[in-house]
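Reading through the structure tokens given below for one structure.
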Amino acid sequence: MIILGVILLIIGVLAGISLLTTVGGILVVVGAVLWILGAMGRQVGGRKHFF
């Protein structure tokens, strides 16, 4: 999710499409939060690890 967000963020900035930049930024933030919660050992969505 983080990688997809970074890719969309880069494409959005290079192409000048603000929608892609916004969606990419949201995906990066959500992916980072899920990754941090999973690394702390907290279950995310019924899973012990979120990949």
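The values are calculated or read from the model by the stated rules, or taken from the named source; none is laboratory data. If you're wondering where the values come from, they're calculated on a predicted model, not measured in any experiment. SASA here: full protein model, heavy atoms, side chains in, ligands and nucleic acids out. Shrake-Rupley method; radii C 1.70, N 1.55, O 1.52, S 1.80 Å.
Suppose we look only past 16 Å in the calculated P(r) of the chain. What percent of the Cα-Cα pairs does that tail hold?
44
Carbon and sulfur: what percent of the range 1-47's accessible surface (1.4 Å probe)? Using a 1.4 Å probe with all protein chains present, the range 1-47 comes out at 76 percent carbon and sulfur.
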